[in-house]
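Below: the structure, in structure tokens.
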């Protein structure tokens, strides 16, 4: 079935470095993409989202890039901090119909930031 | 504004029992979705409710059911529990039909003995 998948299950960086987490998706009808951060013992926390009519969106220290041609999504975290250590998930959904309220998640990437 | 609240946080049950989990969405949010999270399968969509109606359902057996009340609070029920139902069950809410991010609670950790 269609799914969103992550290529790199783990990523280790030094504090202050920039981090890039990648995600591939297979559903060409995907209309909306979200990045979540999940810390141990907590639910996923919204980071940033992007619609399919955009290529790039920036937030505070984070940037999401969307390449619809190759169905690729990335999350860039600037000046990574130890508090950024967590599991990061990409998720996608389509527009309406069978997509109502349904996010399809990638498997997740474990980001570890070393002081 | 308070976040999504799920109760209880932890549950231990035995095979064959049934369980009911509760979710209170963010005030004003009318859509509630449920997910199951396991190490092997990741996050998988169970179902979504909007205005007390199930609008969407994932690929889970009929033992998994849910409902939504007029105040948007939602419950999910799992009957005839199996060992494989051990998981973190997450609830997420969003405002309405307009595509907006879902906001998650911290989940209910269900362990089946």
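No value in this document is a laboratory result; all are computed from the given coordinates. No experiment lies behind these values; they were computed from the predicted model shown. We place every Cβ from the backbone using ideal geometry, glycine too, and count neighbours over all the protein chains shown.
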Original post:
In segment A:60-115, which strands (runs of 3 or more DSSP E) lie fully inside it and hold 3 or more residues that are more than 13 Å from every other protein chain (Cβ to nearest Cβ) and within 10 Å of the chain's Cα centre (by Cα)?
Top reply: A:72-77
**OP:** Filter segment B:69-98 down to the residues that are crowded, with 19+ Cβ neighbours inside 10 Å and in a loop (DSSP other than H, G, I, E, B), then identify the one that is farthest from the other protein chains (Cβ to nearest Cβ).
**Re:** B:81
**OP:** Check residue A:46 against each of (1) under 29 Å from residue B:4 (Cα atoms); (2) part of a loop (DSSP other than H, G, I, E, B); (3) within 14 Å of chain B (Cβ to nearest Cβ); (4) without any contact (Cβ under 8 Å) to a residue 24 or more places away in the chain and name the one condition it does not meet.
**Re:** (2)
Original post:
Do we find a residue being touching a helix residue (DSSP H, G or I) at 6+ places or on another chain (Cβ under 9 Å) and within 21 Å of residue A:98 (Cβ to Cβ) anywhere in segment B:79-95?
Top reply: no
Original post:
Which of (1) within 14 Å of another protein chain (Cβ to nearest Cβ); (2) in a strand (DSSP E or B); (3) within 26 Å of residue B:88 (Cα to Cα) is the odd one out, the single condition residue A:11 does not satisfy?
Top reply: (1)
Original post:
Across segment A:14-35, what is the number of residues that are in a strand (DSSP E or B) and closer than 16 Å to residue A:49 by Cα?
Top reply: 10
